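Have a look at the structure below before the remarks.
Each reported figure results from applying straightforward, stated rules to the coordinates on display, with no laboratory input. Please read all numbers here as calculations on a predicted model, not as lab measurements. Every residue, glycine among them, receives a Cβ derived from its backbone with ideal geometry; neighbour counts consider all protein chains shown.
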Amino acid sequence: MKRVLAIAAGLSLTAGALGLAQAAVPTPETSSAYTGQKLAAKAHVTMAQARVIALKARPGQITDQELENEGGGSGLRYSFDIKSAGKIHEVGVDGMTGKVLENQVEGPNPD
């Protein structure tokens, strides 16, 4: 009987831990992981700093974020999709200088 209770308690804890893990699914707003994170060591601007810059340039809700090698500026760019006024805007922030490189409504063929 004790063994059955111990197994049941273990299953209950496991289910609780799984439930907690499922409830804590990272989103762009809370996640420290993002596409291109391996490039972060090259950047002078952190993802957190770039997020602040992007949201200052285009207030709204970040729905996607990445760090990529892309032409313009230093060639290292944070790109954010920000939902604002019912539209998705793409805001690009230079990963070396923090300068806003792009701030416009995303076109019909998003990256």
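Note on the range 32-111: semi-axes of the ellipsoid equivalent to its C-alpha gyration tensor, largest first and rounded to whole Å, are 19, 12, 12. Here the calculated FRET efficiency for GLN37 and ALA85, from their Cβ-Cβ distance with R0 = 25 Å, stands at 0.25, rounded to the nearest 0.05. For a label point 7 Å from the Cα of GLN61 along Cα→C-beta, name the residues of the range 70-111 whose backbone N is under 11 Å from it. Counting backbone N atoms under 11 Å from the label point, the list is 83-86.
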